[in-house]
Amino acid sequence: MAEVITGWRYTLDQLRVWGHARRLAHRLYPTTAEARLALRELLKVVLENRRIRHFTRSVRVGPRTFQLLSYPGRPSAAWDELIKNELHRVRPIPGKQEGLMVLLMAMTRKCPLSCAHCFEGEVLNQRDEITADDVIRMIRNFQERGVAQVELSGGEPMNRFEELLRILEGSDQRATDFWVLTSGWNLTPERATRLKAAGLTGVAVSVDHWDPVAHDAFRGRSRSFAHAHEAVRNARDAGLVVALSLVPLRSFCNEADLLRYAATAADWGAHFIRIVEPRAVGNFAGKDVELGPSEHAALDEFVRVLHTGKRYRCYPIVDHYGSYQRAVGCSGAGRRFLYVDTAGEVHACPFCRKPCGSALHQPMEELLADMEAEGCIVHATV
C-alpha cells in the first residue's frame, strides 16, 4: 500500500532528510568547517529546486519514501549515493569521483508499437547490437563511479524479458535503484512479480492521453491503452513504484486535458507522473512539434496546481524536468545524467543525437571528459 505524506508530516519528513544529509556530510569531509560549507551550498540547490518544482509531498511505497521519480527511495544506500554526489558537486569530497543521479540505458531496439515520437525510430526493430552482458558491463562501469538510479529503456524492454532479469540480477543493487521504462506491453502479473523479486524498484508506463482512442493512435497499436492500464495494476500489485510517462503535444497543453490526465493517473493508483516534452528527433525529426512559451506556462501551472491545490493532495507527484531545465540549465551531458543508446553510444540525453563516444569501448574518464566538452546542445550544462 502507498501512503501520501503531506502537511506537517511532510515537513517533519524533510527535516529528517536534512538531518541525515548533515550526518553524511560530517562523515565525508575531513573537517567540520568543510562539511558546513558544503551543506550551505547544497541547501541553496535544494531551495531552488523546491521553488521551481513546488515540492509539497512525498509518497511511501512499502518501506521506502520517494520524492521524485528521478530520485531513489529512502532510506537506502542509493539515496545516500545521491546525497554524496550532490555534496561532491558543490564542494569536492576528498577521494571521490563525480557520479550520476540517473543513467538512462536503452537495452533493445525491438518494440511492437509504432509510437509517433519514438527517439529511436531510425533503428527500431533492427538487429540488437548489444547483449545483456554488454549492458551489465556498462552499468557496472558507471556504478564504480557512483550512480544512484538506472532506468532501462528501449525499444520495449519486455521484448527481452529474460535478459532484463539477468541485467537486474547481474548489476550491483546495493547503492543503485533500477527502473524499467515501458509501454506496458506484456507486463503480466507473473512478470511484474519476477521483476520485483529481481530487485526492480519501479516502472514508468507510457500513457500519452486520458482518451484510449487518442493514446492508441499516438502509439500506433490498438489496445495499447488497455495494456498500459493492466501493466500499472500488475506493477502496483507486485509492490513496484509506478509512474505514468506523458509526452504532451501542443493540443494537450491545456488545463482540461492535463487535469483529466492527472485524474486518470490518480484513479489508476500511479505514484508519479513524468512529463517528457516532445523534441524534433527520431520519428518527430523535421516536424514542428516542440512546445512554445504558452505550452510551457500551461505545464508549469499544472505542476503548481497539482502540488499546491488542496483537492489534489493525494494525486501523483509530477516530475517535470523541462521547467527546471529552462530555469536553471541542463543537468545532462554526464553532469547528473546521460543516455546510452542501443549501440552503446553515449549522448548528453535521449534527444541530443550526436554521440560523444562509446560506453563499451572507451575508458570512462575519457568518455566523460569528451561529453563535458560537448555539453548540452540547447541549454547551459549545470
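Evaluated against (1) of a type outside the set (D, E, K, R); (2) at pLDDT 95 or above; (3) under 21 Å from Phe337 (Cβ atoms), Met107 falls short on exactly one condition, (2). Sort out which residues of the range 85-100 are crowded, with 21+ Cβ neighbours inside 10 Å and among the small types (Gly, Ala, Ser), and write them in order of number. Residue satisfying the conditions is Gly99 alone.
The residue list Arg127, Arg194, Arg174, Arg145 contains one member that is outside any strand (DSSP E or B), modelled with pLDDT of 95 or more and of a type in the set (D, E, K, R), which is Arg194. Out of all the residues in the range 81-139, which are in contact with a Ser or Thr (Cβ under 9 Å, 6 or more places away or on another chain), charged (D, E, K, R) and within 30 Å of Ala214 (Cβ to Cβ)? Of everything in the range 81-139, those that are in contact with a Ser or Thr (Cβ under 9 Å, 6 or more places away or on another chain), charged (D, E, K, R) and within 30 Å of Ala214 (Cβ to Cβ) turn out to be Arg109, Glu120. The set of residues from the range 305-320 being buried (at least 16 other Cβ atoms within 10 Å of the Cβ), part of a helix (DSSP H, G or I) and out of contact with any strand residue (DSSP E or B) (no Cβ under 8 Å at 6 or more places or on another chain) comprises Val305, Tyr312. Within the range 140-152, residues that are over 13 Å from Glu365 (Cα atoms) and without any contact (Cβ under 8 Å) to a residue 60 or more places away in the chain sit with their Cβ atoms under 8 Å from residues that are of a type in the set (Gly, Ala, Ser) and part of a loop (DSSP other than H, G, I, E, B), at 6+ positions apart or across chains, in these pairs: Arg140/Ser171; Gln143/Ser171; Gln143/Ala175; Val150/Ser171.
Condition test on Leu82, is it of a type in the set (A, V, I, L, M), crowded, with 23+ Cβ neighbours inside 10 Å and not assigned by TED's automatic domain parsing to the domain that holds Met364? Steps first, answer last, please.
Details: of a type in the set (A, V, I, L, M): yes; crowded, with 23+ Cβ neighbours inside 10 Å: yes; not assigned by TED's automatic domain parsing to the domain that holds Met364: yes.
Considered against the rule, which asks whether it is of a type in the set (A, V, I, L, M), crowded, with 23+ Cβ neighbours inside 10 Å and not assigned by TED's automatic domain parsing to the domain that holds Met364, Leu82 comes out as yes.
Looking across the range 4-57 at every residue that is closer than 18 Å to Leu69 by Cα, touching a residue at least 60 places away in the same chain (Cβ under 8 Å) and of a type in the set (Ser, Thr, Tyr), the one that is surrounded by the most Cβ atoms within 10 Å (Cβ to Cβ) is identified as Thr56. Flag: Ala226 does not match the condition of being in contact (Cβ under 8 Å) with a residue 12 or more places away in the chain, under 22 Å from Asp319 (Cα atoms) and not in a loop (DSSP other than H, G, I, E, B).
The values are calculated or read from the model by the stated rules, or taken from the named source; none is laboratory data. Just so it is clear, the structure is predicted and the values come from calculations on it, not from any experiment. With ideal geometry, Cβ positions are generated from the backbone for all residues, glycine too; neighbour counts draw on all protein chains shown.
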